[in-house]
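Below is one structure, written out as structure tokens; comments come after it.
The values are calculated or read from the model by the stated rules, or taken from the named source; none is laboratory data. Remember, predicted model here, so these are calculated numbers, not experimental data. Cβ sites come from the backbone with ideal geometry, for glycine too, and all protein chains shown count toward neighbours. Ligands, DNA and RNA are excluded from the accessible area calculation, which covers all protein heavy atoms including side chains. Shrake-Rupley method; radii C 1.70, N 1.55, O 1.52, S 1.80 Å.
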Amino acid sequence: MNAYVITADRIATMTKAEGYGLIMGGAIVVDGAQMAWVGPLEALPASYAALPRRDFGPRTITPALIDCHTHLVYGGNRAGEFEMRLTGATYEEIARAGGGIISTVTATRTASEAALLAAALPRLDALIAQGVGVVEVKSGYGLDLDTELKMLRTARALGAARAVRVLTTFLGAHAVPDCMAADSYIDTICIPALRAAHAQGLVDAVDGFCEGIGFTPAQIARVFDVARALGLPVKLHAEQLSAFGGTALAAQYRALSADHVEYASADDAAALAAAGTVAVLLPGAFYTIRETQIPPIAAFRAHGVPMAVATDWNPGSSPLGSILLAMNMACTLFRLTPAEALAGTTRHAARALGLTDCGQIAANMRADLAIWDVTSPAELAYGIAVTPLHARIFGGVL
Ligand code: DI6
Ligand code: FE
């Protein structure tokens, strides 16, 4: 049996509805890629007593972190747009003038697959260096068949190149390409591209941008109907810049997640709770576009909506390469507790991706763990641009 025991002063199991599910003086039996037993060392069953041990002493062990919303694959960058915003233009004005997402589309279409991979790998490595074990990566900077497929192949290649799980999301309904009407784009490009990408095994979930500068709920619903017919789960960029009906639509389709949700209402929160849909908070985008509308956190809490936290790493609205900073921002900007922020990048992030085998430290879960040089788990969200990772275990491999 390829098994061993790890011990540490503190294990934040993240298995409880509230708090960290702390085990002091804890032990984890790793057997192959999974955990076989978790508990206080003093209760370690005799059958495991002779296994090799690795003691991490005063450190804290958490589940490996999960970044459940990224756009890691893209060409070019948007530093020029950043400069424009600093002289007064808004994110929406730039998008309507043909900048924004569309400018990244041009750069992504012209980049080779090898160049896209080479540019994305350091981004992935930055997340891994922060203890991340699962990353979701979206398409959506192609808006044509070939480029959407190229982005999704690149995302799959990222997962093959590193000890990390990459889940791919088809985001064809991200923006309307130049010189096209939104409806005909959905019918003649987006939906056929979704079918082709699915046929090639490149799609784990389907997303859209439901917004005045994106697509209407009715247009997104057409894409979701195809996703449903293909047996693919859906998620949605909803209520980011305005109240536009995306969150209600996501709930109606029992989406895995509704993301951003700054302009969601208390009724939207109730609908998410009833649908079992996760609210994914993306404070990096809120910060970058200097949004002032805070997501309805109190309503999410009151209705028991699980809240995940992610980077939304993308070249425009969230050039944020740090999941730990996303956690810090979720606390400082949205008033999450550090325990909620950690649940948001572990247990609830797993759920936002439809994963049931990670995001918690418990028997039969994958042995994806992060070992931190901190003596309380609240330090993870507290530090700003501090990365106290000591080691990461992925699939049982240290
Ligand atoms: N909302 C976002 O935050 C990203 N996409 C979206 O629909 C932004 C993408 C970008 O600005 O490039
Ligand atoms: Fe996004």
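Fully extended, how many nm does the chain gain between T337 and E379 (0.36 nm per residue separation, minus their Cα-Cα distance)?
Values: separation 42, 0.36 × 42 = 15.12 nm, distance 1.15 nm.
My answer for the length gained is 14.0 nm.
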- Rounded to two decimals, the Debye log10 I(q)/I(0) of the stretch 299-349 (Cα scatterers, no solvent) at q = 0.13, 0.21, 0.29 Å⁻¹ is -0.30, -0.72, -1.12
- Looking only at the stretch 1-30, which residues have a backbone nitrogen under 18 Å from a spot 7 Å from the Cα of L398 in the C-beta direction? 1-12, 25-30
- Excluding ligands, DNA and RNA, the carbon-plus-sulfur percentage of the accessible area of the chain with a 1.4 Å probe reads 56 percent
- Any idea of the accessible area per residue across the stretch 115-159, 1.4 Å probe, to the nearest Å²? 23 Å²
- Query: Looking at the stretch 303-398, which trypsin sites (Lys or Arg not before Pro) are in a loop (DSSP not H, G, I, E or B) and have at most 14 other Cβ atoms within 10 Å?
  - Reply: R335
- Over the stretch 1-109, what is the relative contact order in whole percent, taking alpha-carbon pairs under 8 Å and six or more residues apart? 25 percent
- Note on the structure: Listed by chain and number, the aspartates and glutamates with an alpha carbon less than 12 angstrom from that of K150, same-chain partners under 8 positions apart left out, are E113
- Task: Can you give me the three principal axis dimensions of the stretch 110-227 from its C-alpha atoms, in Å, biggest first?
- Result: 41, 28, 26
- Query: When we measure straight from the Cα of K235, which lysines land under 20 angstrom away, once same-chain ones fewer than 8 places off are left out?
  - Reply: K138
- Task: Can you tell me the relative contact order of the chain? Whole percent, Cα pairs under 8 Å, sequence separation 6 or more.
- Result: 20 percent
- Message: Using the basic label-point model (7 angstrom from Cα toward the beta carbon), what is the R228 to L86 distance in nanometres?
- Response: 4.7 nm
- Message: Net charge within 12 Å of F224 by Cβ-Cβ distance, Lys/Arg positive one each and Asp/Glu negative one each, not counting F224 itself?
- Response: +2
- Item | Net charge of neighbours whose Cβ lies under 14 Å from the Cβ of L117, counting Lys and Arg as +1 and Asp and Glu as -1 | +3
- With a point put 7 Å past each Cα toward its Cβ, work out how far A115 is from R54 in nm, to one decimal. 4.0 nm
- Residue-normalised 222 nm signal for the chain, counting each DSSP H run of n ≥ 4 as -39,500 (n - 2.57), nearest 500 deg cm²/dmol, is -10000 deg cm²/dmol
- Message: Along its three principal axes, how long is the stretch 1-82 when you only count alpha carbons? Whole Å, largest extent first please.
- Response: 61, 31, 23
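Return a whole-number percent for the relative contact order of the stretch 236-341, with Cα pairs under 8 Å and 6 or more residues apart as the contact set.
Taking the mean separation of contacting Cα pairs over the length of the stretch 236-341, I get 22 percent.
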- Go through the stretch 183-265 and name the trypsin sites (Lys or Arg not before Pro) that are in a DSSP coil and have 10 or fewer other Cβ atoms within 10 Å of their Cβ. none
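For the chain, take the convex hull of the Cα atoms, compute a quarter of its surface area, and give me that in nm², please.
Details: hull surface 73.0 nm².
For the chain, the mean projected area of the Cα convex hull comes to 18.3 nm².
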- Task: At q = 0.28, 0.33 Å⁻¹, work out log10 I(q)/I(0) for the stretch 213-257 with the Debye formula, treating every Cα as an identical point scatterer and leaving solvent out; two decimals please.
- Result: -1.05, -1.33
- Bin by bin, in steps of 10 Å, what percent of the Cα pairs in the stretch 242-287 do you find, going until the bin that has the longest distance? 32, 56, 12
